[in-house]
Amino acid sequence: MKTQHKYLKILSSVAVAACLACAGFAAVSSSPADAVAQDTDKITMDFVGFGFNPDFYAIVQGSKLSGKSLVIYKVGGQGPTLVYPLNGSSLEKALKSKEVSVYGINGNYVPGLVAPAGYQLGGMVIGENMQLTLSAGEQSMTLGYAPIFSNPTKTKVAQISIKNAFWTPDSKRVVILLNQKLDGDWPVNTDVVAAFALN
């Protein structure tokens, strides 16, 4: 803890700006580009951890239509790398399974909207997207955009919010869970995930 405080104290705004400038958009695992709500399924997501290779991370994903699954994603990947159904199986058993254990998913992460290195995560709705940003002092940059659900006629858009963020201890990977709610004839209450690599 003392080391972290000392590090944050001596971290200059120039160094932070340089690090932020290296951040790159990796992946947003959510809806198609048009982000039109298709059904009334409620999807919940809970972060589990990063793997031996921190580009891989695990989410417990729940759906009233398909039940719960342990889902492995890769930062920068398109869609899930592995889906392991949890129906009738515990998370602990799933993590020890032959299919999942090769990823070495563990609990070595830091939750919260502030990274271990001191960056502050934020979000702002711009049109049909949420802009996700990192800031440190007066320096800020855009990580990427998460599309917002809308009804088929695009006359109504969902309310979107950041549920939480999960960082590797070195602040080089972040997984962001967001929630979207839309009422009306096409109700939606679902979580989506966005993941980024800061090189």
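Look at (1) crowded, with 17+ Cβ neighbours inside 10 Å; (2) farther than 29 Å from S66 by Cα; (3) more than 13 Å from the chain's Cα centre (by Cα) and you find that T168 fails only one, number (3). Among the residues of the range 41-65, those identified as of a type in the set (A, V, I, L, M, F, W, C), closer than 12 Å to G107 by Cα and free of Cβ contacts under 8 Å to residues at least 60 places away in the same chain are V48, F52, A58. What pairs come out if I take residues in the range 164-178 that are under 17 Å from M45 (Cβ atoms) and pair them with residues that are part of a strand (DSSP E or B) and acidic (D, E) whose C-beta lies under 9 Å away, six or more apart or interchain? Matching pairs, first to second residue: L177/D46; L177/D191; L178/D191.
Return the residue satisfying two criteria in turn: it lies in the range 134-165 and is basic (K, R) and part of a loop (DSSP other than H, G, I, E, B), and of such residues it is surrounded by the fewest Cβ atoms within 10 Å (Cβ to Cβ). Before the answer, list the steps.
At the first step, the residues of the range 134-165 found to be basic (K, R) are 154, 156, 163.
Cutting the leftovers down to part of a loop (DSSP other than H, G, I, E, B) gives us 154, 156.
Details: K154: 11, K156: 15.
Top of the filtered list is K154.
For the range 110-123, the criterion of being free of Cβ contacts under 8 Å to residues at least 24 places away in the same chain, part of a strand (DSSP E or B) and under 19 Å from D46 (Cα atoms) is met by at least one residue.
Bear in mind these aren't lab numbers, they're just calculated from the coordinates by the rules spelled out. Since the structure is predicted, the reported quantities are computational estimates derived from the model, not experimental observations. Note that we place each Cβ from the backbone using ideal geometry, even for glycine, and neighbour counts take in every protein chain shown.
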